[in-house]
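Below you'll find the structure, written out as structure tokens, and then a few comments.
The values are calculated or read from the model by the stated rules, or taken from the named source; none is laboratory data. Being a predicted model, the structure only gives us computed values, none of them experimental. Glycine also receives a Cβ, built like all others from the backbone with ideal geometry; neighbour counts cover every protein chain displayed.
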Amino acid sequence: MPDEANGGTITGKVAFTGEKPKMPALDMSANPACERAHKGAEQKSEEVVVNPNGTLKSVFVWVKSGLPAGQQWVVPTTTVSLDQNGCMYRPRVIGVMTGQAFAIANSDATNHNIHPQPQVNPEWNESQAPQQAALTKSFSRQEVMIPVKCNVHPWMRAFISVVAHPFFAVTGDDGTFTIRGLPPGTYVIQTLHEKYGPMEQTVTVGPKESKTVEFSYKG
């Protein structure tokens, strides 16, 4: 497990500069249940979500390299949740450790078809009826930003990142991230966004030391 008492901490944010892209409205008219879930309000694509403070949401941040070779990390017993709500995946991006369980729920009044499309992990494709018990899955190999689609609703998209260690985060409504408990060392921190791709910076932390790093994507 990460040594949060004695390890290093890397915090930061992912900024967005330039013109904010206009996301298209999603046409859910082919499925009345999806349309009703939004009560007539327009649902836009969430491919790019720029927060009010000028940061970017749903960016996966992880330690790409620099950890001690051969180190084994304990897999959390907690299960990460991914919901289908309003015919949208929520949250859009999740991170899990290799072997860690994640549970996919269906909160909608319509069938869904969950279809992750990994490159190095086994691909699967399963239907899920309304209020059906959550599907609990895991991936055994490291692979970041695995795209997930719904074969019934083509606008639905999520990304699952599977990492062999616990040092990762996903930016939320304020665009920030925190990675705690790092052994002393020099690390490559990588950010990944589904539209804007990867960025990297190198950061060195000592015992109980905190460092701040900022990334910036341009529209």
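Residues are listed down the side, and each one gets a yes or a no for (1) within 23 Å of the chain's Cα centre (by Cα); (2) among the acidic types (Asp, Glu):
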| position | (1), (2) |
| --- | --- |
| Asp3 | no, yes |
| Thr11 | yes, no |
| Phe16 | yes, no |
| Lys20 | yes, no |
| Pro32 | no, no |
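For every residue, the table says whether it meets (1) within 22 Å of Lys195 (Cβ to Cβ); (2) over 22 Å from the mean Cα position of the chain (by Cα); (3) part of a loop (DSSP other than H, G, I, E, B).
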| residue | (1), (2), (3) |
| --- | --- |
| Glu35 | no, yes, no |
| Asn53 | yes, no, yes |
| Trp62 | yes, no, no |
| Trp73 | no, no, yes |
| Pro76 | no, no, yes |
| Cys87 | yes, no, yes |
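Check segment 114-121 and report whether any residue there is farther than 23 Å from Pro166 by Cβ, over 17 Å from the mean Cα position of the chain (by Cα) and not basic (Lys, Arg). Looking through segment 114-121, none of the residues is farther than 23 Å from Pro166 by Cβ, over 17 Å from the mean Cα position of the chain (by Cα) and not basic (Lys, Arg).
In segment 144-173, the residue that is surrounded by the fewest Cβ atoms within 10 Å (Cβ to Cβ) out of those that are over 30 Å from Ala109 (Cα atoms) and in contact with a Pro (Cβ under 8 Å, 6 or more places away or on another chain) is Pro166.
Total residues in segment 174-205 satisfying the condition of being surrounded by 12 or more Cβ atoms within 10 Å (Cβ to Cβ) and either modelled with pLDDT under 95 or in a loop (DSSP other than H, G, I, E, B) (or both): the figure is 6. With respect to the conditions (1) under 30 Å from Ala30 (Cα atoms); (2) part of a strand (DSSP E or B); (3) without any contact (Cβ under 8 Å) to a residue 24 or more places away in the chain, Ala158 lacks only one, and its number is (3).
The residues of segment 108-123 that are assigned to a loop (DSSP other than H, G, I, E, B) and surrounded by 13 or more Cβ atoms within 10 Å (Cβ to Cβ), listed by number, are Asp108, Ala109, Thr110, Asn111, Pro118, Asn121. Looking at Ser58, is it loosely packed, with under 10 Cβ neighbours inside 10 Å and in a loop (DSSP other than H, G, I, E, B)? Spelling it out, it is not the case that Ser58 is loosely packed, with under 10 Cβ neighbours inside 10 Å and in a loop (DSSP other than H, G, I, E, B). Being in contact with a Ser or Thr (Cβ under 9 Å, 6 or more places away or on another chain) and in contact (Cβ under 8 Å) with a residue 60 or more places away in the chain is the filter; apply it to segment 23-44 and report the residue that is farthest from Gly219 (Cα to Cα). Filtering segment 23-44 for residues that are in contact with a Ser or Thr (Cβ under 9 Å, 6 or more places away or on another chain) and in contact (Cβ under 8 Å) with a residue 60 or more places away in the chain, the one farthest from Gly219 (Cα to Cα) comes out as Ala33.
Residues in segment 89-107 that are crowded, with 18+ Cβ neighbours inside 10 Å, without any contact (Cβ under 8 Å) to a residue 60 or more places away in the chain and under 13 Å from the mean Cα position of the chain (by Cα): Phe102 alone. Of the residues making up segment 131-155, just one is among the β-branched types (Val, Ile, Thr) and assigned to a loop (DSSP other than H, G, I, E, B), namely Val152.
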